[in-house]
Number of protein chains: 2
Amino acid sequence: MTTDRELKDAGEIEAFIDSIDTFLLDCDGVIWAGNTVFDGVPEALNYLRSKGKRLLFVTNNSTKSRASYLKKFQSLNLHATLDEIFGSAYAAAYYIAHQLNFPPTKKVYVIGMSGIQDELTSEGISSVGGSEDDDNLSDMADMASIKPDPSIGAVLLGFDLNINYKKLAKAFTYLHHDEGVHFLATNSDLTFPAGGTVYPGGFGTGALLAALSAPLDRKPVVLGKPHQTMLDVIVNKYHLDPQRTCMIGDRLDTDIAFGQHGGLKTLLVMTGVTSPKKLQESDIQPDRFIQGLANLKA
Amino acid sequence: MTTDRELKDAGEIEAFIDSIDTFLLDCDGVIWAGNTVFDGVPEALNYLRSKGKRLLFVTNNSTKSRASYLKKFQSLNLHATLDEIFGSAYAAAYYIAHQLNFPPTKKVYVIGMSGIQDELTSEGISSVGGSEDDDNLSDMADMASIKPDPSIGAVLLGFDLNINYKKLAKAFTYLHHDEGVHFLATNSDLTFPAGGTVYPGGFGTGALLAALSAPLDRKPVVLGKPHQTMLDVIVNKYHLDPQRTCMIGDRLDTDIAFGQHGGLKTLLVMTGVTSPKKLQESDIQPDRFIQGLANLKA
């Protein structure tokens, strides 16, 4: 039964922690719910740090750079460092800079908010688009102004509150005209995961991605959970040993599946979207589960 | 062989015309290419009218009302009447007004340009959205302003050059919150059909529709070719006898398939996208084909 796999006994918890060097942590449902940090979580995180564990907060939120995501931690009085933040915008920038052999003469065309271009700049990658293209075409005849551009080497799509026709048509044109142009996305979440409280509009990056993919006969490389390319980037950057790395999350189909596909240990917390019943019925089973992250500190 | 089915002989052409009461005509590739009317087409159309045939110009272009599409005919010095124009915006308005039993207290939320709302108004249907929502949300926190609205009875999506996050999030919210809200689209063309000359951006209604459909577990009713609902509307409105109705078009997978599924006679013209080789190899075979519409007049 699944109850055998609950991490509860103090000795077992210590042994589990000792077996791991790096913890990858989902945030919403694990560290906080909306804007409320779960009781005991700051202490548990500091306890792990005191035992020399590396922590990486892994987020699909592509609207923020690491620096700006760190501010969210600070606004919640939660200690973290820039090196501990690993967002999908940064994952995409790192992937382009270190894994794509991207020519220095080429640029990335960005659909997304400032976080993406900030991360590209920090990795030395030139980009265009983003807020520069917030002004839409003014009429149908302007469509003729959208032309292939040989200086574009990749299109990177993330969440963009200022999505418009010009951005979609430009990205489509670059990708449609030249198969050599890389097609990348920061994440593919169809809706916002914040439980309906923060974003009732709910319309996520994956929906914008569907618009761009539909008329193309191409699929993007996605740099967010649960796509393995994100994990490849993390493992590559930190030289992690998958056997001594643990993914902690509240979602079976994203967090836990993400860890398992990469050969990591997995730990489910019950403070998020997964009910005991859902856990019992699911095909996706974590190595262990625990009531909350706070329980990691005896 | 397919050559047997070429309509060439003057007597055969006359017999074919005599067997038909109503001709449904695709425009681009049949009547004109871009902004150039094919030689002999005005004469052929007038010849059909002189023989008492009803002509219906069937277009997926949802940006224009019938009145505004008629202006395109006039700008090309091509005679037509309002009653002869049948666009997907009008098809959607007619469908809502006459086939959906749409309550008079309800409104349609529109993503699209003025043509759609003009047609809804002409059919006595109230609508909101469209250009009223061209001003986007100003920041992420504004998403909280998007809420379900019980006065919305349908969401109708057509091509919208001013597509933005607010429109997509509103439409998503209405459709996601209440399964009773009808989900309609004027057409599902992924790209513009104008052969790349007019709209190199190329990004069509179907791509916007993919964004809206992706996070929903629902499929839209589509009021454009090749979807049969459009043909149902035409048959319903004009009380057509399918056996004495002919669809004329240049595309096998849209025009000809559209006519065949509805039990109409079909006539392919070779002035558009279908080459003789493509015709020979295709699984979709029209009843007859003809070099050009002009050849209908001996």
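So for segment B:102-118 (the condition being in a loop (DSSP other than H, G, I, E, B) and within 14 Å of chain A (Cβ to nearest Cβ)), does at least one residue qualify?
Yes, there is a match, as at least one residue in segment B:102-118 is in a loop (DSSP other than H, G, I, E, B) and within 14 Å of chain A (Cβ to nearest Cβ).
Would you confirm whether any residue within segment B:48-55 is part of a strand (DSSP E or B) and touching a residue at least 24 places away in the same chain (Cβ under 8 Å)? Don't jump to the end; show me each part of the working.
Narrowing segment B:48-55 to residues part of a strand (DSSP E or B): B:54-55.
Among the residues that remain, those that are also touching a residue at least 24 places away in the same chain (Cβ under 8 Å) are: B:54-55.
There is at least one residue in segment B:48-55 that is part of a strand (DSSP E or B) and touching a residue at least 24 places away in the same chain (Cβ under 8 Å).
Would you confirm whether or not segment A:121-132 contains a residue that is facing another protein chain (nearest Cβ under 9 Å) and within 19 Å of B:SER138 (Cβ to Cβ)? It would help to see each step written out before you state the result.
To start, the set of residues in segment A:121-132 that are facing another protein chain (nearest Cβ under 9 Å) comprises none.
No, there is no match, as no residue in segment A:121-132 is facing another protein chain (nearest Cβ under 9 Å) and within 19 Å of B:SER138 (Cβ to Cβ).
For segment A:85-101, give me the residue count where each residue is in a helix (DSSP H, G or I) and either crowded, with 18+ Cβ neighbours inside 10 Å or touching a Pro at 6+ places or on another chain (Cβ under 6 Å) (or both). Even if it seems obvious, please write down each step before you answer.
Residues of segment A:85-101 in a helix (DSSP H, G or I): A:88-98.
Among the residues that remain, those that are also either crowded, with 18+ Cβ neighbours inside 10 Å or touching a Pro at 6+ places or on another chain (Cβ under 6 Å) (or both) are: A:88-96.
Result for segment A:85-101: 9.
Restricting attention to segment B:151-175, and to residues there that are assigned to a loop (DSSP other than H, G, I, E, B) and either without any contact (Cβ under 8 Å) to a residue 24 or more places away in the chain or facing chain A (nearest Cβ under 7 Å) (or both), which single residue is surrounded by the most Cβ atoms within 10 Å (Cβ to Cβ)? Steps first, answer last, please.
First, pick out the residues of segment B:151-175 that are assigned to a loop (DSSP other than H, G, I, E, B): B:151, B:158-164.
Add one more test, that the residue is either without any contact (Cβ under 8 Å) to a residue 24 or more places away in the chain or facing chain A (nearest Cβ under 7 Å) (or both), and what stays is B:161-164.
Values: B:LEU161: 20, B:ASN162: 19, B:ILE163: 27, B:ASN164: 20.
Only one residue tops the list, namely B:ILE163.
Any chance you could count how many residues in segment B:114-128 are surrounded by fewer than 15 Cβ atoms within 10 Å (Cβ to Cβ) and either among the charged types (D, E, K, R) or at positive phi (or both)? Show your work before the answer.
Kept after step one, since they are surrounded by fewer than 15 Cβ atoms within 10 Å (Cβ to Cβ), are these residues of segment B:114-128: B:121, B:124.
Cutting the leftovers down to either among the charged types (D, E, K, R) or at positive phi (or both) gives us B:124.
Matching residues across segment B:114-128 total 1.
Within segment B:246-253, identify whether any single residue is charged (D, E, K, R) and crowded, with 21+ Cβ neighbours inside 10 Å, and answer yes or no. Can you show your working first?
Of segment B:246-253, the ones charged (D, E, K, R) are B:250-251, B:253.
Now narrow it down to the ones that are crowded, with 21+ Cβ neighbours inside 10 Å: B:250-251.
So far as segment B:246-253 goes, yes, one or more of its residues are charged (D, E, K, R) and crowded, with 21+ Cβ neighbours inside 10 Å.
Considering only residues that are of a type in the set (S, T, N, Q) and under 24 Å from the mean Cα position of the chain (by Cα), look in segment B:5-48 and name the one that is surrounded by the most Cβ atoms within 10 Å (Cβ to Cβ). Give the derivation first.
So in segment B:5-48, the residues of a type in the set (S, T, N, Q) come out as B:19, B:22, B:35-36, B:46.
Now narrow it down to the ones that are under 24 Å from the mean Cα position of the chain (by Cα): B:22, B:35-36, B:46.
On the way: B:THR22: 19, B:ASN35: 11, B:THR36: 8, B:ASN46: 13.
By that ranking, first place goes to B:THR22.
Just to verify a result, which residue in segment B:257-281, among those that are over 20 Å from B:LEU45 (Cβ atoms) and surrounded by 16 or more Cβ atoms within 10 Å (Cβ to Cβ), is nearest to the chain's Cα centre (by Cα)?
Going residue by residue through segment B:257-281, those that are over 20 Å from B:LEU45 (Cβ atoms) are B:257-258, B:260-263, B:273-281.
Narrowing further to those that are surrounded by 16 or more Cβ atoms within 10 Å (Cβ to Cβ): B:257-258, B:260, B:262, B:273-274, B:279.
Details: B:ALA257: 14, B:PHE258: 11, B:GLN260: 16, B:GLY262: 15, B:VAL273: 18, B:THR274: 19, B:LEU279: 23 Å.
Once the filter is applied, the top-ranked residue is B:PHE258.
Anything in segment B:2-44 that is in a loop (DSSP other than H, G, I, E, B) and of a type outside the set (A, V, I, L, M)? List them, or say none.
Just the residues of segment B:2-44 that are in a loop (DSSP other than H, G, I, E, B), to begin with: B:7-9, B:19-21, B:26-27, B:29-31, B:34-35, B:38-40.
Within segment B:2-44, B:LYS8, B:ASP9, B:SER19, B:ASP21, B:ASP26, B:CYS27, B:GLY29, B:GLY34, B:ASN35, B:PHE38, B:ASP39, B:GLY40 meet the criteria.
Anything in segment B:123-138 that is without any contact (Cβ under 8 Å) to a residue 12 or more places away in the chain and either part of a helix (DSSP H, G or I) or within 21 Å of B:ASN61 (Cβ to Cβ) (or both)? List them, or say none.
Within segment B:123-138, B:GLU132 is the sole residue that qualifies.
Can you tell me which residue within segment B:56-70, out of those that are part of a helix (DSSP H, G or I) and more than 14 Å from chain A (Cβ to nearest Cβ), is farthest from B:VAL30 (Cα to Cα)? Walk me through how you get there before you give the answer.
Within segment B:56-70, the subset part of a helix (DSSP H, G or I) is B:66-70.
Subset that is more than 14 Å from chain A (Cβ to nearest Cβ): B:66-67, B:70.
Details: B:ARG66: 19, B:ALA67: 21, B:LEU70: 16 Å.
My answer is B:ALA67.
Could you tell me whether any residue of segment B:68-76 is surrounded by 16 or more Cβ atoms within 10 Å (Cβ to Cβ), out of contact with any Pro (no Cβ under 6 Å at 6 or more places or on another chain) and of a type in the set (Ser, Thr, Tyr)?
The answer is yes; a qualifying residue exists.
Filter segment B:204-231 down to residues that are modelled with pLDDT of 95 or more and over 29 Å from A:LYS166 (Cβ atoms) and give me whichever is nearest to the other protein chains (Cβ to nearest Cβ).
For segment B:204-231, the residue satisfying everything is B:VAL221.
Restricting the search to segment B:176-188, which residues are within 11 Å of another protein chain (Cβ to nearest Cβ) and either under 12 Å from B:GLY130 (Cβ atoms) or surrounded by fewer than 23 Cβ atoms within 10 Å (Cβ to Cβ) (or both)?
Initial filter on segment B:176-188 (within 11 Å of another protein chain (Cβ to nearest Cβ)): B:176-177, B:188.
Scanning segment B:176-188 gives B:HIS176, B:HIS177.
Would you say B:ALA141 is assigned to a helix (DSSP H, G or I), more than 8 Å from every other protein chain (Cβ to nearest Cβ) and over 13 Å from B:LEU209 (Cα atoms)? Steps first, please.
On the way: assigned to a helix (DSSP H, G or I): yes; more than 8 Å from every other protein chain (Cβ to nearest Cβ): yes; over 13 Å from B:LEU209 (Cα atoms): yes.
Considered against the rule, which asks whether it is assigned to a helix (DSSP H, G or I), more than 8 Å from every other protein chain (Cβ to nearest Cβ) and over 13 Å from B:LEU209 (Cα atoms), B:ALA141 comes out as yes.
Just give me the residues in segment A:209-245 being in a helix (DSSP H, G or I) and buried (at least 24 other Cβ atoms within 10 Å of the Cβ), in sequence order. Before you say what the answer is, go through the steps one by one.
To start, the set of residues in segment A:209-245 that are in a helix (DSSP H, G or I) comprises A:209-213, A:228-238, A:242-244.
A:LEU209, A:ALA211, A:LEU212, A:MET230, A:LEU231 - these are the residues of segment A:209-245 that are in a helix (DSSP H, G or I) and buried (at least 24 other Cβ atoms within 10 Å of the Cβ).
The values are calculated or read from the model by the stated rules, or taken from the named source; none is laboratory data. Predicted, not measured: the structure shown is a model, and the values here were computed from it. Cβ atoms come from the backbone with ideal geometry, glycine included; neighbour counts cover every protein chain shown.
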